[in-house]
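What follows is a short report on a single structure.
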Number of protein chains: 4
Amino acid sequence: MAKVLTDALLASILERVRPLTAQGQVADYIPALACVPAEKLGIAISTVDGQHFQAGDAGERFTIQSISKVLSLVLAMGLYEEHEIWQRVGKDPSGQPFNSLLQLELEKGKPRNPFINAGALVVCDMLQSRLSAPRQRMLEVVRQLAGAPDLHYNTLVARSEFDHSDRNAAIAYLMRSFGNFHNDVIPVLKNYFHYCALEMNCVELARCFLFLANQGRAAHLPDGLISAQHTRQINALMVTSGMYQSSGEFAWRVGMPGKSGVGGGIIAIVPHEMSIAVWSPGLDEAGNSLAGTAALEILAREMGRSIF
Amino acid sequence: MAKVLTDALLASILERVRPLTAQGQVADYIPALACVPAEKLGIAISTVDGQHFQAGDAGERFTIQSISKVLSLVLAMGLYEEHEIWQRVGKDPSGQPFNSLLQLELEKGKPRNPFINAGALVVCDMLQSRLSAPRQRMLEVVRQLAGAPDLHYNTLVARSEFDHSDRNAAIAYLMRSFGNFHNDVIPVLKNYFHYCALEMNCVELARCFLFLANQGRAAHLPDGLISAQHTRQINALMVTSGMYQSSGEFAWRVGMPGKSGVGGGIIAIVPHEMSIAVWSPGLDEAGNSLAGTAALEILAREMGRSIF
Amino acid sequence: MAKVLTDALLASILERVRPLTAQGQVADYIPALACVPAEKLGIAISTVDGQHFQAGDAGERFTIQSISKVLSLVLAMGLYEEHEIWQRVGKDPSGQPFNSLLQLELEKGKPRNPFINAGALVVCDMLQSRLSAPRQRMLEVVRQLAGAPDLHYNTLVARSEFDHSDRNAAIAYLMRSFGNFHNDVIPVLKNYFHYCALEMNCVELARCFLFLANQGRAAHLPDGLISAQHTRQINALMVTSGMYQSSGEFAWRVGMPGKSGVGGGIIAIVPHEMSIAVWSPGLDEAGNSLAGTAALEILAREMGRSIF
Amino acid sequence: MAKVLTDALLASILERVRPLTAQGQVADYIPALACVPAEKLGIAISTVDGQHFQAGDAGERFTIQSISKVLSLVLAMGLYEEHEIWQRVGKDPSGQPFNSLLQLELEKGKPRNPFINAGALVVCDMLQSRLSAPRQRMLEVVRQLAGAPDLHYNTLVARSEFDHSDRNAAIAYLMRSFGNFHNDVIPVLKNYFHYCALEMNCVELARCFLFLANQGRAAHLPDGLISAQHTRQINALMVTSGMYQSSGEFAWRVGMPGKSGVGGGIIAIVPHEMSIAVWSPGLDEAGNSLAGTAALEILAREMGRSIF
């Protein structure tokens, strides 16, 4: 029998996964990420009928990292025709670590999907070509979706990521050598790292991504952000490619479209019902939040909310 | 507005995709497959509340080929503990063609998932170890699920596949060299090709796979075939890995768990609602039925039946 | 100043490299190889002007393993036109471990060169097609070249290798799937393992391979074994591909065409001057004799006998 | 019977290979290279006993391109201890195209050898770290070796190469991400392209590289350029890795250490005897001069000058 959603249920789930916060590995490839306390743990839910639930450190902001790849894609889908996007980036799982160059070389600089680094960089290159101030535009959209006018980039983190960006630069230059990257590499990388360094808390993330559970409709955007069709497509992409190379495992265990970031955040969608945001900085080997995934697994089971 | 399901709706969908039957490529790696007429086109649906719909060549049998990989897995899940299965085969998309050896070598003989050839061969090896007559057992189960006591293997096709089995033999021997294949290669290959050469029509396929839409419950099996939990897991696997390397594209377009075979059949599941079987022998580049995929895409859109 | 070649010089070189015999790793993938004492150490030289030198365990036989790949190739060069051979196997370094399937799959079943396992198996497949009793023929030729009528195969080792032949079977089946392997896999594998299990000592090996230093001429074969042109070609192949993936390192250190076997033997050629055989069972990471390579390096330096 | 070396012999060899000049493909990845006339054909030889021979367009300058990789390595060997160099770059054939990233990623940013692009870029990075004006220093050394004080860089070509340097930038950034590239990428790339754009003719090239046939001794450098040991090592490297992925084929056909450039030049060494330079802009699939390789093959055969 599926349980009723309450703040207390969320809190009890957090208690059950809390021991896992000690087992994950906090991302440490830049100092600014390594210093986030591993014991942080939060969850928030927004429903399409307007309810909000939360527990733990749901009000504390962290950098959303790769979760921003969904937002970049949404922005690009508003600026380009479908075929313009999907001739430059694929829709299929990569089967490779998120930052691999192997596949990219074999496949002539076309990334497998927009949620691996190469794909996200192509999407950012597209934003660069059509927006005069892409970084500012991203901020406006996210503030509106999250209902949080004070959201901002953590420029310290953004700069630190840029200082460790050799591999992403290699990826961008490789795509450029195949003609699939049109702007100068450096400014696009800088914007990309700013999107990654956007600071949000679980409550804001759940609100922000509610449109994916609601056929593209967003509270503060009367016309909707994207179409119902595009919403389904993004959810499909998240199921098959949202969790790096363990997307299959995540679908198996949780059964929801999801997208993770190395900051420890995950957003997950129950189409037509709700958006969920969890946060716990300790990561598993694939780079997904260890306790966060476990919390989503319990939630799915107890509420009977798998899409399968 | 979602349309109501009727035989006439199915027939009209077939007419819309019929031009595509001329564009696909009928599998021709063995003569017995190459001679199937490309213009065949059929569809059938079974719903969890007991309705059945069909159109076109839905009553004509064809070899189910890789669709049998789902059935092998279901059998193995009844014979082994979960951990026994998943330590020998993964749950994640491979990102590679279905019969590639590259990944298998790098990953020490553990296939990425049970729906690529390597994974299915490991599952067949498991069946071989625990069943005295695996080929007979498979037939009994499928006859019961499909409610068709006269189902049989096309031994001509099975033998022909075996005569062209060098690559699958290479895959099996490679896994054996890593200790992940326990029985003699030849008899397991022979069984594998028999499962692939099982002949069913769309009506029988839809009935057979209804349990995946019905939490594991099957009409003629009072205790259910597998648990609701296992059912969700298989559906998840089909979404992320069921359509070879274009699983992402299929999720994007159709939005249902599905599994295809090079005979031109596809089964697709709307959890809690229905199972769908389509058949059209012409394949796209990834080896999935071209017209069949298009029919499912239209069906999903017109009935509003994406899982996303 | 180059030193004069004497038994005493060879003995002194062995003493200098003897400590290395304790550092290598004796091949242990089959029991029959694992039990060879690691402290064995021998060397022998035959010169084109008829002198013979030796030191250490030069009279003790061991299985020549991959050194036999040179002999298979020589036999094939006598049975086939040049183009028949080189359209089925390449002449370039593989850059991969000796038994890798990766490259073979990408390059459609054509092995890079005849000294990796895949290439040697193709050559053995060619012998199988043209010789009624290839195993007997190989033995006759080698007995004649070595002047040792009692040479024989260690059938215990051959059988043990066959019992661990899954990876080689995978390689052969993969080439068969590309049409580059024509006979049944099992009998070719059995012959291949017999060639590998040929037992020879350093003195016999040096005599046997003297033809490579002597433009193809062999003492007991008045017409010569192969042409001067073919001799140069084989020496070239040994320099670029004879020592698995550390052929470049070997050329750098020793500067002679060479071929090694996992039994710990190496033959090396100084064109127009001499053939050298060394034996020490402990291997380095690439599978080449550790002390054997070091002995050749010292020999090359002290006698000024690099080809460069 | 080996023929005597004369200008007439060289001229006759050129005539025999001249038809091949129409079959190769002139490098066209930058405009400045694409406009070199395909029918150019020249050869020059310098011997250790002071003779010089030449034929055809031996006096016309062209950009030496990858031949400069040997010179960079020689410079680095004068500035660093052996172990400092070879811990950052390997000595083995890559088995991959000259500009591949695949292997570099798998092998943690350590290039296989100094003659693929990645390896040459690491060597240039080393020069950058130890020389205040590396570009000027290279020019001085080459002018001295070639006895041609007016040698210079074709800055138009160097700039054009830099404008098409995305893939080399990707390679450098990838190595940087592994910690195997220490300086800023852009200035090192610029120097690298200048070395490639050094203009020399066959006569100058043969003189310049005579030290490799002469144990490191050079006419205008009383102390020798490098040691006899280092000379042997470089010749060994050229045999196993000097001709991109067809080094094995080149050793098989020509049997000399050699290094080619996409400008159509090749230098080849007969140790202790002579250095040879050929030029013909049309390239084979691996990027080596088609007619140039054929000329060297004939020369080796007619003079009996293979090292094997």
| request: Kindly indicate whether any position in the stretch C:89-97 is of a type in the set (Lys, Arg) and surrounded by fewer than 20 Cβ atoms within 10 Å (Cβ to Cβ). | output: no
| query | more than 12 Å from every other protein chain (Cβ to nearest Cβ), out of contact with any Pro (no Cβ under 7 Å at 6 or more places or on another chain), outside any loop (DSSP other than H, G, I, E, B) and not hydrophobic (A, V, I, L, M, F, W, C) - does that describe any residue in the stretch C:81-104? | reply | yes
| note | Checking C:LEU127, C:LEU121, C:LEU156 in turn, the sole residue that is within 20 Å of C:GLN245 (Cβ to Cβ) and assigned to a helix (DSSP H, G or I) turns out to be C:LEU121
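Would you confirm whether any residue within the stretch D:214-222 is crowded, with 24+ Cβ neighbours inside 10 Å and touching a residue at least 40 places away in the same chain (Cβ under 8 Å)?
Checked against the condition, which is being crowded, with 24+ Cβ neighbours inside 10 Å and touching a residue at least 40 places away in the same chain (Cβ under 8 Å), the stretch D:214-222 yields at least one hit.
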| query | From the list A:THR293, A:THR231, A:THR240, which residue is farther than 22 Å from B:PRO93 by Cα and either facing chain B (nearest Cβ under 10 Å) or out of contact with any His (no Cβ under 7 Å at 6 or more places or on another chain) (or both)? | reply | A:THR231
| query | In the stretch D:30-59, which residues are part of a loop (DSSP other than H, G, I, E, B) and either touching a Phe, Trp or Tyr at 6+ places or on another chain (Cβ under 8 Å) or more than 17 Å from D:GLY282 (Cβ to Cβ) (or both)? | reply | D:VAL36, D:LYS40, D:LEU41, D:VAL48, D:ASP49, D:GLY50, D:GLN51, D:ASP57, D:ALA58, D:GLY59
| task | Could you grab the pairs with beta carbons closer than 9 Å, sequence gap of 6+ or different chains, first residue in the stretch D:146-175 and farther than 22 Å from D:LYS108 by Cα and more than 14 Å from chain A (Cβ to nearest Cβ), second one part of a helix (DSSP H, G or I) and of a type in the set (Asp, Glu)? | result | D:ALA146/D:GLU204; D:GLY147/D:GLU204; D:ALA148/D:GLU204; D:LEU151/D:GLU204
| Of the numbered conditions (1) surrounded by fewer than 18 Cβ atoms within 10 Å (Cβ to Cβ); (2) in contact (Cβ under 8 Å) with a residue 60 or more places away in the chain; (3) within 19 Å of B:LEU212 (Cβ to Cβ), B:ASP49 satisfies every one except a single condition; which is it? | (2)
| message | Please count how many residues of the stretch C:140-166 are among the aromatic types (Phe, Trp, Tyr) and modelled with pLDDT of 95 or more. | response | 1
| request: Search the stretch A:176-208 for residues being within 14 Å of another protein chain (Cβ to nearest Cβ) and aromatic (Phe, Trp, Tyr), and hand back the single one that is surrounded by the most Cβ atoms within 10 Å (Cβ to Cβ). | output: A:PHE181
| If you check A:GLU285 against the conditions, is it of a type in the set (Asp, Glu), within 14 Å of chain B (Cβ to nearest Cβ) and within 25 Å of B:PRO271 (Cα to Cα)? | no
| query | What pairs come up if the first residue lies in the stretch C:243-263 and is at the interface with another protein chain (Cβ under 7 Å from one of its Cβ atoms) and more than 14 Å from D:ILE234 (Cα to Cα), the second is modelled with pLDDT of 95 or more and part of a strand (DSSP E or B), and their beta carbons are under 7 Å apart, counting only those six or more places apart or on different chains? | reply | C:PRO257/C:ALA268; C:PRO257/C:ILE269
| said: Taking the conditions exactly as written (of a type in the set (A, V, I, L, M), in contact (Cβ under 8 Å) with a residue 60 or more places away in the chain and in contact with a helix residue (DSSP H, G or I) (Cβ under 6 Å, 6 or more places away or on another chain)), does A:LEU290 satisfy them or not? | reply: yes
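Would a scan of the stretch C:54-61 turn up a residue that is at positive phi and touching a residue at least 40 places away in the same chain (Cβ under 8 Å)? Outline the logic, then answer.
Of the stretch C:54-61, the ones at positive phi are C:56.
Then keep just the ones that are touching a residue at least 40 places away in the same chain (Cβ under 8 Å); that gives C:56.
Within the stretch C:54-61, one or more residues are at positive phi and touching a residue at least 40 places away in the same chain (Cβ under 8 Å).
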| query | Out of all the residues in the stretch B:10-29, which are crowded, with 19+ Cβ neighbours inside 10 Å, assigned to a helix (DSSP H, G or I) and aliphatic (A, V, I, L, M)? | reply | B:LEU10, B:ILE13, B:LEU14, B:VAL17, B:LEU20
| task | Just one of (1) under 19 Å from the mean Cα position of the chain (by Cα); (2) within 11 Å of chain C (Cβ to nearest Cβ); (3) of a type in the set (S, T, N, Q) trips up D:ASN214, so point out which. | result | (2)
| field | Complete set of residues in the stretch A:217-228 that are away from chain B (no Cβ under 14 Å) and within 18 Å of the chain's Cα centre (by Cα) | value | A:ALA218, A:LEU225
| query | Considering only residues of the stretch B:103-122 that are free of Cβ contacts under 8 Å to residues at least 24 places away in the same chain and surrounded by fewer than 18 Cβ atoms within 10 Å (Cβ to Cβ), which is farthest from C:PHE178 (Cα to Cα)? | reply | B:GLU107
| For D:LEU156: the one exception among (1) surrounded by fewer than 19 Cβ atoms within 10 Å (Cβ to Cβ); (2) touching a His at 6+ places or on another chain (Cβ under 9 Å); (3) under 20 Å from D:VAL262 (Cβ atoms); (4) among the aliphatic types (A, V, I, L, M) | (2)
| query | Looking at (1) surrounded by fewer than 21 Cβ atoms within 10 Å (Cβ to Cβ); (2) within 30 Å of D:GLN215 (Cβ to Cβ), can you tell me which one D:GLY42 breaks? | reply | (1)
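I'm trying to understand the selection: among the residues of the stretch D:70-88, which are more than 17 Å from the chain's Cα centre (by Cα) and either surrounded by fewer than 23 Cβ atoms within 10 Å (Cβ to Cβ) or free of Cβ contacts under 8 Å to residues at least 12 places away in the same chain (or both)?
Scanning the stretch D:70-88 gives D:GLY78, D:LEU79, D:TYR80, D:GLU81, D:GLU82, D:HIS83, D:GLU84, D:ILE85, D:TRP86, D:GLN87.
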| So A:ILE67 fits all but one of (1) within 14 Å of chain B (Cβ to nearest Cβ); (2) part of a helix (DSSP H, G or I); (3) crowded, with 20+ Cβ neighbours inside 10 Å; what number is the exception? | (1)
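The values are calculated or read from the model by the stated rules, or taken from the named source; none is laboratory data. Since the model is a prediction, treat every value here as computed from it, not as a measurement. Quick reminder, even Gly has a Cβ in these numbers, built from the backbone with ideal geometry, and neighbours come from all protein chains shown.
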